[in-house]
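The structure appears right after this line, and notes come after that.
The values are calculated or read from the model by the stated rules, or taken from the named source; none is laboratory data. Just so you know, these numbers come straight off a predicted model, no measurement behind them. Counting neighbours? That spans all protein chains shown, and the Cβs are built from the backbone with ideal geometry, glycine included.
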Amino acid sequence: MNWPAIRAIYGFEMHRAFRTLLQSIVAPVISTSLYFVVFGAAIGGRITSVDGVPYGAFIVPGLIMLTLLTQSIANASFGIYFPRFSGTIYEILSAPISATEIVAGYVGAAATKSIMLGLIILATSALFVPLRIEHPFVMVLFLVLTAVTFSLFGFVIGLWADGFEKLQLVPLLIVTPLTFLGGSFYSIDMLPPLWRSVSLLNPVVYLISGFRWSFYGHSDVNPAVSLAMAVVFLVACLAAVAWIFRTGYRLKS
């Protein structure tokens, strides 16, 4: 394993995030805090608790997961797309560094930034509502697993996109709506039976449900099923990345 090469890519990507601190860190935290204030104040006055958890505290795992998904995709997709756009990707591909090391550098940096954001939002939320984490190990597991998985997904999007518009296509039109409809701000048990069954087709439901279980011990879906779904998506993303580097799709043209 070429650790110096991984550190070089990882360090460059992390340095880029700190150079654009307002855009990379501050803006997502402010946006999520506004979601928290608006939804907590507007809906929390009508829904006092869900499954015995105060509504303000109930939405915290959903808000963290919303940020984690969107930022992981954004960080990883832009991180690999910009070298393709500028042409420096060919210097990376011609260097004595393997595909595994390239992916580790870019995806590792994107996941690190997303986890940092998630932890900052968690700390910020604790200032507004009382939080408890009943299963801290499972919380960290879901946090890291989701960040790595969706950073890989963003890496695939960054390789697939042939323009800046396509970088935003999947996150804006698919991922964000699925997150809002995945129980970020409500329990799917509150839905009519038909719509609850439809919601179970949404993969984000399993991530949010499992993550919320690590906080309060309540979930819409069995936590083991949630974890299994996360692992399946991780394997699918790894397979997609492996196929791209094996065939040279969007890398050699």
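Brief remarks on what is shown
- Among (1) within 25 Å of VAL156 (Cα to Cα); (2) touching a residue at least 40 places away in the same chain (Cβ under 8 Å); (3) out of contact with any helix residue (DSSP H, G or I) (no Cβ under 9 Å at 6 or more places or on another chain) - the single one CYS237 does not satisfy: (3)
- Count - residues of segment 36-62 that are touching a helix residue (DSSP H, G or I) at 6+ places or on another chain (Cβ under 7 Å), of a type outside the set (Val, Ile, Thr) and at pLDDT below 75: 4
- So SER184, is it under 16 Å from LEU66 (Cα atoms) and assigned to a helix (DSSP H, G or I): no
- The listed residue being among the basic types (Lys, Arg) and either more than 30 Å from GLY87 (Cα to Cα) or modelled with pLDDT of 90 or more (or both), out of ARG196, ARG246: ARG196
- Restricting attention to segment 193-205, the residues being loosely packed, with under 14 Cβ neighbours inside 10 Å and of a type in the set (Val, Ile, Thr) number 1.
- Selection of segment 172-181 for residues being part of a helix (DSSP H, G or I) and under 22 Å from PHE36 (Cβ atoms) yields LEU172, VAL175, THR176, PRO177, LEU178, THR179, PHE180.
- Criterion: at pLDDT below 85 and within 24 Å of LEU34 (Cα to Cα) - qualifying residue of LEU167, LEU127, LEU119, LEU143: LEU127
This table checks each residue for (1) among the aliphatic types (A, V, I, L, M); (2) over 20 Å from PRO130 (Cα atoms); (3) surrounded by fewer than 19 Cβ atoms within 10 Å (Cβ to Cβ).
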residue	(1), (2), (3)
SER49	no, no, yes
GLY52	no, no, yes
ALA57	yes, no, no
GLY62	no, no, no
LEU68	yes, yes, no
SER72	no, yes, no
ILE80	yes, yes, no
ARG84	no, yes, yes
ILE89	yes, yes, no
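- Meets criteria (closer than 22 Å to SER72 by Cα, aliphatic (A, V, I, L, M), out of contact with any Ser or Thr (no Cβ under 7 Å at 6 or more places or on another chain) and surrounded by fewer than 20 Cβ atoms within 10 Å (Cβ to Cβ)) for MET190: no
Every residue, every condition in (1) more than 24 Å from GLY248 (Cβ to Cβ); (2) part of a helix (DSSP H, G or I), yes or no:
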residue: ILE92; (1), (2): no, yes
residue: PRO96; (1), (2): no, no
residue: TYR106; (1), (2): no, yes
residue: THR146; (1), (2): yes, yes
residue: GLY158; (1), (2): no, yes
residue: VAL170; (1), (2): no, yes
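- Matching entry among ILE73, ILE115, ILE59, ILE64 (being of a type outside the set (S, T, N, Q), under 13 Å from the mean Cα position of the chain (by Cα) and closer than 22 Å to VAL221 by Cβ): ILE64
Condition check ((1) of a type in the set (A, V, I, L, M); (2) without any contact (Cβ under 8 Å) to a residue 40 or more places away in the chain) across all residues:
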{"position": "PRO177", "(1), (2)": "no, yes"}
{"position": "LEU200", "(1), (2)": "yes, yes"}
{"position": "LEU207", "(1), (2)": "yes, no"}
{"position": "GLY210", "(1), (2)": "no, no"}
